[in-house]
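Asks: My structure is below; once you've seen it, I'll send some questions.
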Amino acid sequence: MTEDDEYQPDEIRSASEIATRALALFAVVGTALGAPRTDVVEWLRRESLWEALSPQEMVFLSQDSPSERELINATWRSEALLMLLWSIGLIDDLPKLNDQCDAGAFQAILPPFAGVTAGEFVGGARRREDAELLEMADSLMNAHWEAREAKCNGRPVPERLHLGIVQERHYGINWATGYGGLPWNDVTTDT
């Protein structure tokens, strides 16, 4: 093993990176839930957020008629968005791991609906402490493992867990905590 091969710890993403990703994801989730696609794309471009989208998100937002599967997948990202907002301290009380978040509640805290511009939102973002983020990542990984292990072994997933919710939240926190610096669509939820 050379010096270059040594393990490098993940670098937790900055508050501004998390806030920018949250805005891009909010646009995707909002569009999947029925926000007018042209208005969303226009807003993203006006706020210089179009480039914050992943390549897959750009394709999704550029389509006139995404498939039902694409729409469902995009709405599920609301759980990952919840974790990004928690990571920057905008949400304190998380729904239980078997209770879907209320995506409509995001409008109260996110531009263009909240009383701040995208620039003010990103510039004012403050991240939770590293230890708190890493503790959440560990907790979600363990919950995800428990749910996945039950399903793989033909047992019911514990009632306090919903596999889809746990997986999406795990995805969001993995990205926020660095995950080897991988881009949004390359993050995995290994258990």
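The values are calculated or read from the model by the stated rules, or taken from the named source; none is laboratory data. Worth saying up front: this structure is predicted, and the values here are computed from it rather than measured. All Cβ positions, glycine included, derive from the backbone under ideal geometry; neighbour counts span all protein chains shown.
Asks: Going through segment 163-191 one residue at a time, which ones are within 17 Å of the chain's Cα centre (by Cα) and not in a helix (DSSP H, G or I)?
Replies: Once the filter is applied, which keeps residues that are within 17 Å of the chain's Cα centre (by Cα) and not in a helix (DSSP H, G or I), segment 163-191 yields Thr177, Gly178, Leu182, Pro183, Val187, Thr188, Thr189, Asp190.
Asks: Follow-up. Given the criterion under 15 Å from Leu81 (Cβ atoms) and among the small types (Gly, Ala, Ser), identify the matching residue among Ala143, Ala114.
Replies: Ala114
Asks: Please verify whether Asn73 is polar (S, T, N, Q), surrounded by 12 or more Cβ atoms within 10 Å (Cβ to Cβ) and part of a loop (DSSP other than H, G, I, E, B), treating the condition exactly as stated.
Replies: Taking the combined requirement at face value, the residue does not satisfy it.
Asks: Working only within segment 129-149, note down all residues that are of a type outside the set (Gly, Ala, Ser), surrounded by 18 or more Cβ atoms within 10 Å (Cβ to Cβ) and over 15 Å from Asn98 (Cα atoms).
Replies: Those that are of a type outside the set (Gly, Ala, Ser), surrounded by 18 or more Cβ atoms within 10 Å (Cβ to Cβ) and over 15 Å from Asn98 (Cα atoms): Leu133, Met136.
Asks: Name every residue in segment 1-33 that is part of a loop (DSSP other than H, G, I, E, B) and either modelled with pLDDT of 95 or more or in contact with a His (Cβ under 7 Å, 6 or more places away or on another chain) (or both), in order of residue number.
Replies: Hits for segment 1-33 are Ile12, Arg13, Ser14, Leu33.
Asks: A follow-up question, please. What's the number of the only condition in (1) among the hydrophobic types (A, V, I, L, M, F, W, C); (2) closer than 30 Å to Asp39 by Cβ; (3) in contact (Cβ under 8 Å) with a residue 60 or more places away in the chain that Ala108 fails to meet?
Replies: (3)
Asks: Right, next: Tally up the residues in segment 21-47 that are touching a residue at least 24 places away in the same chain (Cβ under 8 Å) and either touching a Leu at 6+ places or on another chain (Cβ under 6 Å) or farther than 13 Å from Pro112 by Cα (or both), please.
Replies: Residues flagged as touching a residue at least 24 places away in the same chain (Cβ under 8 Å) and either touching a Leu at 6+ places or on another chain (Cβ under 6 Å) or farther than 13 Å from Pro112 by Cα (or both) within segment 21-47 amount to 13.
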